[in-house]
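The values are calculated or read from the model by the stated rules, or taken from the named source; none is laboratory data. Here the structure is a predicted model, which is why all the values come from computation and not from measurement. Every residue, glycine among them, receives a Cβ derived from its backbone with ideal geometry; neighbour counts consider all protein chains shown. Protein only, heavy atoms only, side chains kept; ligands, DNA and RNA dropped before computing areas. Shrake-Rupley method; radii C 1.70, N 1.55, O 1.52, S 1.80 Å.
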Amino acid sequence: MSEPTTVECPICHGSRWKSVEIDGVERVVRCDCWRASMVDGLLRDARIQPRYDRCDLATFEPDTDTRRNAYRKAMRFVDAFPVVDRGLLLRGPQGVGKTHLAVGILKEVIRTKGARGYFYETREFLRIIRDTYNRSVSETEMSVLSPVLNADLLVLDDLGAERTSEWVQETLGLVVNTRYNAKRPTVITSNLVDITDVTDPRSFTFQVGARTRSRLLEMCDWVEIPGFDRREIGTQPTAEEIARSWKSAASHSQEGAERGSKLPPKARGQARAQLRASRGDADLKWSGGKAGSR
Ligand SMILES: [Zn+2]
């Protein structure tokens, strides 16, 4: 890959080294621009898709108690990195900012700690590994797997979105176990739920297997970011808040139905009216306690 065209450094003129005098002796040390160029390279290699360009810890809005809590944990993780015992597992329905936080953490440890890290959507990661089998070259598999296993920080986004199988569980188990044994932290986002019913496709146990689930409990601090919490939304929600809650609740049908029914009665009529006003129609099928039911 060729270097991007940048203004040449006025100190080192591109050599990345500079002369300094230490105790009267002239020495050559890394120029200040070296670190910046290294960070640029690490960010380019991190596989963060352009659609997450604006996702930073600084642009995350900790506007509810649970989002504040998640944000604090993210900041603490970044500050302590790489001396961290556990990674983070950000759990909650779609649209609550899990991926934003995970991307923000990754960028920040690259920028401030010079860490080598990768962002992988779990489904995409499995597809890449699967594709290497078609070429039947185990070396290719390792060229993809090895960086993932050895990265200073790995982000696995949307765990559980893939169709599970024995192979999927084994592959994810390998990644999780190897990183656990090597004490390398992993940040995971997921909208799976931790329920004991192993036949429920939404459960961690069903998707990743019992062993990997308990490994994840050991190696990650589980951070809950619920999509809809009446304590956070208050009794005078704006149409926007309601619409967002409704959307995230709908993506999590059963949980959404339970949570939706907890909306204070006073807020229901008003919220419905605001929704109609904001959408210009009334076909959202939300009749108070039925949010998210089909
Ligand atoms: Zn320089």
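First measure r as the distance between the Cβ atoms of Thr59 and Glu224, then evaluate 1/(1 + (r/R0)^6) with R0 = 25 Å and state the FRET efficiency to the nearest 0.05.
0.70
Counting only protein chains, not ligands or nucleic acids, how are Val83, Val103 ordered by accessible area (probe 1.4 Å), most first? If you can, show how the numbers build up before the last one.
On the way: Val83 120, Val103 0 Å².
Accessible-area ranking of Val83, Val103, largest first: Val83, Val103.
Under 5 Å between amide H atoms, partner at least 5 residues away or on a different chain: which partners does Leu88 have, H built in plane at 1.01 Å?
Under 5 Å from the amide H of Leu88: Thr186, Val187, Ile188, Asp221.
Along the three principal axes, how long is the stretch 121-223 when you take its alpha carbons, biggest first, rounded to the nearest angstrom?
39, 27, 19
What nm distance separates the two modelled labels at Arg27 and Leu174, each placed 7 Å from Cα along Cα→Cβ?
So the two model labels end up 4.5 nm from each other.
How many Å³ per residue does the convex hull of the Cα positions in the stretch 36-123 occupy?
Convex hull volume per residue, Cα atoms: 106 Å³.
If I model a spin label at Asp45 and Arg163 as a point 7 Å from the Cα along the Cα→Cβ vector, what separation in nanometres do I get?
Simple spin-label model gives 3.5 nm for this pair.
For the stretch 57-216, just say rounded, prolate or oblate: build the C-alpha gyration tensor, square-root its eigenvalues into a ≥ b ≥ c, call rounded for a/c under 1.5, and beyond that prolate if a/b exceeds b/c, oblate if not.
oblate
Based on the mean of other beta carbon atoms within 10 Å per residue, what is the order of 175-181, 90-96, 210-216, 24-30, most packed first?
Peptide ranking by packing, descending: 90-96, 175-181, 210-216, 24-30.
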